[in-house]
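The values are calculated or read from the model by the stated rules, or taken from the named source; none is laboratory data. Model, not experiment: these values are computed from the prediction. Here the Cβ positions follow ideal geometry from the backbone for every residue, glycine too, while neighbour counts run over all protein chains shown. The protein model used for the area step is the full one, side chains on, heavy atoms only, and it has no ligands, DNA or RNA in it. Shrake-Rupley method; radii C 1.70, N 1.55, O 1.52, S 1.80 Å.
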Amino acid sequence: MRVAITGSTGLIGSALTPHLESLGHEVLRVVRGNPTGSDIVWSPAECRIDTHALDGVDAVVHLAGAGIGDKRWTDDYKRELLESRTKGTTLISEAIAAADDGPKVFLSGSAIGIYGARGDEELDETSTPGDGFLADVCVQWEQSTALAAAAGVRVVHLRTGIVLSAKGGALKKQLPLFKFGLGGKMGSGDQWQSWISIDDEVAAIAHLLTTDTSGPVNLTAPNPVTNLEFTKTLGEVLHRPTFAPIPKFGPKLLLGGELADNLLFSGQKVLPRVLDADGTFTFRHPDLATALRALLGA
């Protein structure tokens, strides 16, 4: 397949590109500037892409968007978080719909944040959206694929959880503290963390390129854990103590209250029911200890 990828330099995209190439797919990067080879140039902020950019492309994997935890959530940055997703997704949808012999598959990024903070409730793809800023962003993000769906394209919403990788994301930020024995639970530690290893994330995306699945798919491992369980397991894998709890005031002071509450002190217990029901996808890292040992070489 010829597969175009936005966000190809991000945590997921940079792992997905070589994985797809190893499976024999041809990958075309969709970039904002400095194209090389077969790269496709676009500008989501300006709603600009070559009208025929996706001619002859079989599938699009859309992963681009401003980082949720990259900056404090000012009103301006919250607008950027939303528009970087809705404008980019709408632009890609328009290009797909306009293409000659264009993509028949559109795997579009989303997140488990769509479910909101739901305590101990088990959530799957049939669960309703929740409340709050992230849930609202995800709802609008997914709605932005409407033009592609109306054109008869198979659309999948990749509702991704916490992606674990030693090369980036939340785990990389946590490792220095834990390696020095300063890691600890966040607040009460009761909040759920629905995670997935980077290896299973890219394998699931590659798998979804060639199935008949459409609609929302939770990209999370089948065994979510509480923050306390995550903390203990990471400490055990690194052979470090995890006795020092992290009170809420520190992260809230550093990140701002709304961002800290959403990323660190609340969560969702999300299950990958669609992938499980598929029957042909197998998680390499179904439990946290296995994932962390593989990712950290421990």
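Residues in the stretch 50-58: is at least one within 24 Å of V137 (Cβ to Cβ), in contact (Cβ under 8 Å) with a residue 12 or more places away in the chain and surrounded by 15 or more Cβ atoms within 10 Å (Cβ to Cβ)?
Within the stretch 50-58, not a single residue is within 24 Å of V137 (Cβ to Cβ), in contact (Cβ under 8 Å) with a residue 12 or more places away in the chain and surrounded by 15 or more Cβ atoms within 10 Å (Cβ to Cβ).
What's the number of the only condition in (1) over 16 Å from I162 (Cβ atoms); (2) under 18 Å from the mean Cα position of the chain (by Cα) that P224 fails to meet?
That leaves (1) as the condition not met.
Would you please name the residue that is surrounded by the fewest Cβ atoms within 10 Å (Cβ to Cβ), looking only at residues in the stretch 120-136 that are farther than 18 Å from A260 by Cβ and charged (D, E, K, R)?
Checking each candidate, the answer is D120.
From P222, P247, which residue is more than 26 Å from G24 (Cα to Cα) and open to solvent by 60 Å² or more (accessible area, probe 1.4 Å)?
The unique qualifying residue is P247.
Of all residues in the stretch 74-123, which are hydrophobic (A, V, I, L, M, F, W, C) and over 29 Å from A206 (Cβ atoms)?
If the condition is that a residue be hydrophobic (A, V, I, L, M, F, W, C) and over 29 Å from A206 (Cβ atoms), then A117 is the only one that fits.
Are any residues in the stretch 227-273 over 19 Å from the mean Cα position of the chain (by Cα) and assigned to a strand (DSSP E or B), and if so, which ones?
I246
Given the criterion surrounded by 15 or more Cβ atoms within 10 Å (Cβ to Cβ), modelled with pLDDT of 80 or more, farther than 26 Å from R118 by Cα and of a type outside the set (F, W, Y), identify the matching residue among L288, L264, L295.
Just one listed residue meets the conditions, L295.
Tell me, which strands (runs of 3 or more DSSP E) wholly within the stretch 98-167 include 3 or more residues that are under 22 Å from D278 (Cα atoms) and modelled with pLDDT of 95 or more?
Hits in the stretch 98-167: 105-111, 154-160.
Can you spot a residue in the stretch 193-204 that is hydroxyl-bearing (S, T, Y), open to solvent by 20 Å² or more (accessible area, probe 1.4 Å) and within 26 Å of E122 (Cα to Cα)?
The answer is no, given that none of the residues of the stretch 193-204 is hydroxyl-bearing (S, T, Y), open to solvent by 20 Å² or more (accessible area, probe 1.4 Å) and within 26 Å of E122 (Cα to Cα).
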